[in-house]
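Below is one structure; the comments refer to it alone.
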Amino acid sequence: MNRPDLLDQLARATQERAQRGLHRRLRAVEHTASGRCRLDGHEFIVFCSNDYLGLAAHPDVIAALQRAAAEHGVGSTGAHLISGHHRAHAELEETLAVWTGRERALLFSTGIMANLGVMQALLGRTDTRQPGLCLQDKLNHASLIDGARATAATLRRYPHADVDAAARQLAAHPNDAALLATDGVFSMDGDIAPLRALAALCRRESATLMVDDAHGLGVLGPQGAGSLADAGLTQDDAPILMGTLGKALGTGGAFVAGSAALIDGLVQFARSFVYTTAPPPALAAATLEAVRIARAADDRRERLRHLIERFRNGAAQLGLPLMPSTTPIQPLLLGDAERASAAATALEQAGFLVGAIRPPTVPDGQARLRITLSAAHRDDDVDRLLDALAALPRKTQADPASDSC
Ligand code: PMP
């Protein structure tokens, strides 16, 4: 017998990744306050978290979690359709639907599971329908791509934000039911999708638009209702909205919002909803509090906008390779993976935690520092980060020739 060993193959792939300098390392941090953490015994200012509004350590959110855990226990005890769907989940779903201007919302344990669930329900194999078409922006989150790949649908990825290319791909499949899925705010570039043009295209072509607003919810739009609300688009324009709760809301989990018929369909066919234990009800209670705060948090959104502008102005003065983002995700494109790792290490030595994002998360040659800002940061935190960026050794700074995004 000459059967290859799977674990050996995995170990070789891991080794090969390490040899290319792309090994991923898991490190345990202790968040000591919003925007601050301790790691390996040292204190850091965190510029890589998604806690955009600084709610992860908000005292009212913490108190809501504690109260609900004391009253109802920790675990949900089962799947939503069995024993696990608590009153706190139902209340949160109603609140999320109202906030995002949708008829109904459905909770999922994570954003990844929500995206998989939508794809399963809309594009999964059944006896009664033709496999459809799924169009996706090239830079969409991995879970949208993976979700579509796991269905029988034809997946076509259009060049980033290229609505004309998406239109050509749709026109090439005039008889297929079509889902067009896009991030609202792109997680690694920080730019906002051309949502109005995509919605117009979908309306013209009778395709269904899905928006993953993981990074827009809480940050953009009136009352932080997200990138669609910011673009003036409603449920009619974008019938499927996915939002995550572990970013601006500071807790964890995700939801899909849309028509009552969509949500009922997900309850029937989204396997990542049906076959998993519901999240702890205390987490739903904490999120309910976080949504209440986030909706009223124009002051935090204003503060965030101020910090984004302060960072961008400072970085521009230093000649740093900013990307065209107006959101709290402010990548600095360094090109080479080693250069990005070296820059992150140098910043760490200066007391800043910043993510080096390397292939395969981003395309080859587009490694970057992914700097994220939070309303919890002080002006002085941003100024000190800029000083640290200015002090990076020359070889870790940008090579303009690599600025090819
Ligand atoms: N979509 C996007 C655009 C994301 O950035 C993320 C998280 N990185 C997810 C979905 C997944 O969400 P979760 O972390 O809740 O699984």
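Every read-out reported here was derived from the displayed coordinates using simple, explicitly stated rules and does not represent laboratory data. It should be emphasised that the depicted structure is a prediction, and the values quoted were computed from it without experimental measurement. Cβ atoms come from the backbone with ideal geometry, glycine included; neighbour counts cover every protein chain shown.
If you plug each phi of the stretch 89-101 into the Karplus form 6.51 cos²θ - 1.76 cosθ + 1.60 with θ = phi - 60°, what whole-Hz ³J(HN,Hα) values come out, in order, with x for Gly and Pro?
Karplus values, whole Hz, x for Gly and Pro: 5, 4, 5, 5, 4, 4, 5, 5, 5, 5, 4, 8, x.
Using θ = phi - 60° and the Karplus curve 6.51 cos²θ - 1.76 cosθ + 1.60, what whole-Hz ³J(HN,Hα) does each residue of the stretch 330-335 get, with Gly and Pro shown as x?
10, x, 10, 7, 10, x
Sort 198-205, 351-358 by the packing proxy (mean of other Cβ within 10 Å over each peptide's residues), most packed first.
Working: 198-205: 17.8, 351-358: 20.8.
With the highest mean Cβ count within 10 Å placed first, the list reads 351-358, 198-205.
For the chain, what relative contact order do you get, as a whole percent, if you take Cα pairs closer than 8 Å and at least 6 residues apart?
Numbers: 807 pairs, mean separation 87.6, N = 405.
Dividing the mean separation by the residue count of the chain yields 22 percent.
How many nm separate the modelled label positions at residue 30 and residue 268, each set 7 Å beyond the Cα in the direction of the Cβ?
Going from the residue 30 label point to the residue 268 one covers 5.1 nm.
Under a Cβ-Cβ cut-off of 12 Å, what is the net charge of the residues other than residue 112 that fall near it, where Lys and Arg count +1 and Asp and Glu count -1? Could the numbers behind the result be given before it?
Numbers: positive: none; negative: 146, 212.
Counting the neighbours of residue 112, the net charge comes to -2.
Quick check: the distance between the Cα centres of the stretch 268-298 and the stretch 94-138, to the nearest angstrom?
Taking the Cα centre of the stretch 94-138 as reference, the centre of the stretch 268-298 is 16 Å away.
Enumerate the amide H contacts of residue 79 below 5 Å, restricted to partners 5 or more residues apart or on another chain; note that Pro and chain-start residues carry no placed amide H.
Residues meeting the criterion, in which the H sits 1.01 Å from N, are 84, 278.
Go through 267-274, 330-337 and give me the packing order, highest mean Cβ count within 10 Å leading. Walk me through the intermediate numbers first.
Values: 267-274: 18.1, 330-337: 23.0.
Per-residue mean Cβ counts within 10 Å order the peptides as 330-337, 267-274.
So for each of 111-121, 319-329, 60-70 I average, over its residues, the number of other beta carbons within 10 Å; can you give me the resulting order with the highest mean first? Spell out each step's value before the answer.
Working: 111-121: 24.5, 319-329: 18.5, 60-70: 16.7.
Those peptides, ordered most packed to least, come out 111-121, 319-329, 60-70.
For the residues 52, 275, what sequence is obtained by ranking on other C-beta atoms within 10 Å, fewest first? Write out the running numbers ahead of the final one.
Values: 52 29, 275 9.
Least to most surrounded, the residues fall as 275, 52.
Using a 10 Å cut-off around each Cβ, can you sort 244, 234 from fewest to most neighbouring Cβ atoms?
Working: 244 26, 234 13.
With the fewest neighbours first, 244, 234 line up as 234, 244.
Can you give the Rg/Rh ratio of the chain, where Rg is from the C-alpha atoms and Rh is the Kirkwood radius?
Working: Rg = 21.6 Å, Rh = 22.3 Å.
Ratio of gyration radius to Kirkwood radius: 0.97.
Which residues in the stretch 155-189 place their backbone N less than 12 Å from a point set 7 Å from the Cα of residue 130 along the Cα-to-Cβ direction?
The answer is 173-178.
Residue by residue, what Karplus-based ³J(HN,Hα) values in Hz, rounded to whole numbers, does the stretch 141-154 have, using 6.51, -1.76 and 1.60 with θ = phi - 60° and x for Gly and Pro?
Here the 3J(HN,Hα) series is 4, 3, 6, 5, 5, 4, x, 5, 4, 7, 10, 8, 5, 7 Hz.
Can you give the helix-only mean residue ellipticity at 222 nm for the chain, where every DSSP H stretch with n ≥ 4 adds -39500 (n - 2.57) and the sum goes over all residues, rounded to the nearest 500 deg cm²/dmol? List each step's numbers first, then the result.
Values: 14 runs with 161 residues, N = 405.
So the helix-based figure for the chain works out to -12000 deg cm²/dmol.
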